[in-house]
Amino acid sequence: MTQALAHRWRFFRAGGFDQVQLDTPADLAALRGLDQKLWASLACPVNNLELDRRMLDYIDQNRDGRIRAPEVLDVVDWTLARLADPAVLFEDGPLQLASLTEDAEGARLRLAARRLLTVLGRPEADSLTPADTDELALLFPPHESNGDGLVPATLTSDPQLQAAIADIIACLGAQTDRSGEPAIGSEQIAAFFDQARQLHGWHARAAEQGLSAFGEGTVAAVEALGAVQDKIDDYFTRVAMSEFDPRASALMNAQEEELVRLAARSLADAGEVAELPLAVVQHGGELPLRQGLNPAWRGAIETFRLQVVVPVYGELDSLSREQWQHLVGLCSNYLTWRAEMPAVAIADVLDRARILELVEQDVEARLMALVAQDLEVAEAADGLVELDKLIRLRYGLVRLLRNFISFQNFYARKEKAVFQAGMLYIDGKSCELVVEVGDVEAHAAVAAASDCFLLYCNCTRRGEPVRGRETLNIVVAVTAGSEGNLQAGRHGLFYDRDGNDWDATVVKVVQNPISIREAFWSPYRRVSTLVSEQIQKFAASRDADMVNQTAARVGEAGAAPAATPAPAFDIAKFAGIFAAIGLAVGALGTALAAVVTGILSLAWWQIPLLLIGVLLAISGPSMLLAWFKLRRRSLGPILDGNGWAVNSQARISIPFGTALTQMAALPSGSDRALHDPYADKPMIWPWVLALLLVLVLGYYAWDQGMFNPQPPVPAETATAGEAAAD
């Protein structure tokens with residue numbers, strides 16, 4: 001805190017708030033002591049920023065896709081601790097090995113740099129750039145250990161382990177190894193084999209209980225037994241009753257009267273036959289499986305024999321009660337075992353045989369050994385990772401700070417801010433405040449509070465992907481000029497920061513004032529649009545009526561050729577109509593005459609003031625509302641809609657907005673021919689009418705003496721005149 005108080009900060013004012021200026025290593029060293037209420041933002045996403053993505057991933061320590069103020073402070077301290085001269089952060093050029101500190105950390109980084117330069121074929125060089133570490137395969141070959149604890153398939157030459165790694169990735173997904181290859185870690189290996197052991201143990205219990213007697217046909221066997229279980233239980237119960245009381249033997253079989261009744265009917269429908277006992281109880285304690293069965297149940301019993309009896313007992317002609325109960329027990333245990341099946345995700349990808357094979361071959365221990373082997377070189381590999389991190393922070397840290405702690409790059413306009421995605425050309429304008437967005441509707445719900453005129457565009461680049469994408473969404477703030485024809489469906493051209501061109505189509509518009517000048521004319525445009533729409537509607541309705549009446553008359557002429565008498569002329573009706581029209585014209589003329597008389601009664605210098613007052617009365621409210629909204633325009637909600645935590649107003653003033661949106665202008669020194677051979681022919685009669693009106697008004701004013709005012713009469717002359725009159 002003492003250091004923070006001793007440091008003399010410098011601030012600049014832009015966007016309606018004071019922003020810290022970061023220009024020296026001392027500013028960075030004292031940054032932890034700067035009150036975070038003075039920061040322009042407190043968090044931002046790692047996506048949609050024009051910064052090195054690997055650098056942002058290094059800063060995002062918890063891998064949540066966001067960079068927060070504590071992570072920024074940590075990476076600043078980490079960087080300063082490894083540079084002997086932090087001033088290089090504010091300079092251009094590669095990272096010199098001489099810039100590293102002389103302590104143990106610096107020595108480790110210098111050793112890693114020498115190893116890297118040797119790999120790159122530049123052992124005598126003394127500097128590195130981010131391009132030198134872009135290819136991770138050069139730093140960390142896929143077939144060598146790299147210390148990240150991840151195992152790609154290329155790390156082993158054992159086909160069994162390679163197949164196991166592919167299976168685990170197929171089941172649980174892949175992580176990215178430092179070499180850039182898909183790989184698995186110890187957590188994935190443990191999770192996979194935990195599920196595999198659960199499944200293996202479940203199948204082992206089936207073998208212990210003899211549930212595998214039915215083989216692959218277990219499900220069919222259970223269904224076949226369930227189809228006849230009630231009928232077979234009924235048979236053995238009837239046999240038990242017959243053994244209990246000999247008198248019941250005859251009663252447990254079908255009654256003679258029932259057989260006589262059925263004999264007299266058609267037996268094509270076996271429904272009533274199926275109600276009879278399964279077999280005659282005189283067969284004794286065993287159920288016949290081939291002969292002496294109820295015809296309605298012969299097919300089901302045959303399926304039961306083949307699916308259930310034969311796999312367990314072989315070919316039998318009859319089934320005892322004990323054998324039946326044993327079969328029922330097996331199927332019952334199977335259903336219980338089936339209900340206990342562990343819910344493991346790997347069973348949806350791999351079959352049982354493959355899972356059991358992986359468990360029985362002890363693949364887990366062999367994969368864990370590969371992980372341990374990879375971690376043995378962690379210290380040396382981490383030196384390369386830290387070197388890559390420092391190289392990228394050397395180039396991008398200060399730029400991040402000038403777009404995070406302050407918006408210095410945005411307001412200074414020397415270079416684009418990291419959140420500016422490029423430039424949109426549309427409707428004779430070039431717009432610089434362009435931000436890439438994900439969900440248009442979700443972003444618009446937040447960004448509407450910016451009070452900016454926003455265009456949401458879908459950009460496409462078919463057949464020519466950029467960074468693996470052929471489409472993206474942007475939001476554009478139009479901060480100068482006029483609305484013109486900016487509406488959904490309009491097309492423009494978007495240039496990203498790399499100069500790639502994209503077809504842009506407006507998909508959503510958030511209406512807000514763009515300029516006070518446009519607000520002045522907006523009431524007249526709205527009235528003109530309203531009048532034009534009403535006239536068009538009236539003309540369309542009259543045209544439709546005429547067409548309908550003509551069609552009706554043609555139809556009547558074809559259906560009934562007899563002529564109908566024309567209605568009599570009602571002179572009273574037309575006289576009333578003409579009288580009403582005359583009254584309206586007279587009232588309008590009287591009002592117009594009163595207005596003209598009132599205007600002409602004013603002094604000549606009062607007439608322009610009257611016209612200005614009328615214009616202000618019409619356009620004033622619109623201009624006042626636009627002025628308030630233009631003063632409230634803010635960058636904050638536009639960034640907040642993208643996941644930022646903007647900590648300030650970040651206003652977009654009218655002069656600054658004029659700089660962000662440029663209008664079409666001819667180059668200086670250009671020759672311009674004003675004659676347009678295809679321009680609309682000028683209409684003479686409105687100008688003639690206007691000239692006649694001016695002449696009439698001028699004559700009236702001259703006749704009334706408005707251009708020759710009488711000099712004031714002296715008081716003595718006025719008194720003498722009054723006395724003479726008396």
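Here, each number is a calculation from the coordinates, and none is a lab measurement. Here the structure is a predicted model, which is why all the values come from computation and not from measurement. With ideal geometry, Cβ positions are generated from the backbone for all residues, glycine too; neighbour counts draw on all protein chains shown.
So here's what we get for this one:
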| item | result |
| --- | --- |
| Label-point separation, GLU223 to ALA6 (7 Å along Cα→Cβ), nm | 8.5 nm |
| Partner lysines for LYS414 [C-alpha distance under 25 Å; skip if fewer than 8 residues away on the same chain] | LYS429 |
| Efficiency of FRET from Cβ geometry, ASP439 and LEU80, R₀ 56 Å, rounded to 0.05 | 0.90 |
| Selection from GLN61, GLN21, PRO45 lying farthest towards where the dipole of the range 1-149 points positive, charges on Cβ | GLN21 |
| Local electrostatic count at TRP324 - Lys and Arg +1, Asp and Glu -1, tallied over other residues with Cβ under 10 Å | -2 |
| Inter-probe distance in nm under a simple model that places probes 7 Å from Cα toward Cβ, at GLN36 and GLU302 | 8.1 nm |
| Overall form of the range 1-109 per C-alpha gyration tensor (a/c, 1.5; a/b vs b/c) | oblate |
| Set LYS37/LYS508; LYS37/LYS629; LYS389/LYS508 screened for pairs whose C-alpha atoms are more than 29 Å apart | LYS37/LYS508; LYS389/LYS508 |
| Fewest-first sequence of PHE17, PHE407, PHE236 by Cβ atoms within 10 Å of each Cβ | PHE17, PHE236, PHE407 |
| Of the trypsin sites (Lys or Arg not before Pro) in the range 31-112, those whose Cβ has at most 11 other Cβ within 10 Å and which sit in DSSP loop | ARG63 |
| Residue exposure sequence - LYS414, LYS629, LYS537 - by fewest surrounding Cβ within 10 Å | LYS414, LYS537, LYS629 |
| Extended-chain gain in nm, criterion 0.36 nm per residue less alpha-carbon gap, GLN511 and TRP685 | 58.8 nm |
| FRET efficiency for LEU625 and VAL554, using Cβ-Cβ distance with R0 set to 41 Å, rounded to 0.05 | 0.15 |
| Added length on full extension, which subtracts the Cα-Cα distance from 0.36 nm per residue, SER541 to ASP158 | 129.6 nm |
| Calculated FRET value between GLN361 and ARG497, using beta carbons and R₀ = 41 Å, to 0.05 | 0.20 |
| Under 28 Å from LYS681, Cα to Cα: lysines that are on another chain or at least 8 residues apart | LYS537 |
| Full-stretch length increase - ASP230, SER430 - with 0.36 nm per residue and alpha-carbon distance subtracted | 63.7 nm |
| Cβ-based exposure ranking for HIS203, HIS326, in which fewest neighbours within 10 Å come first | HIS326, HIS203 |
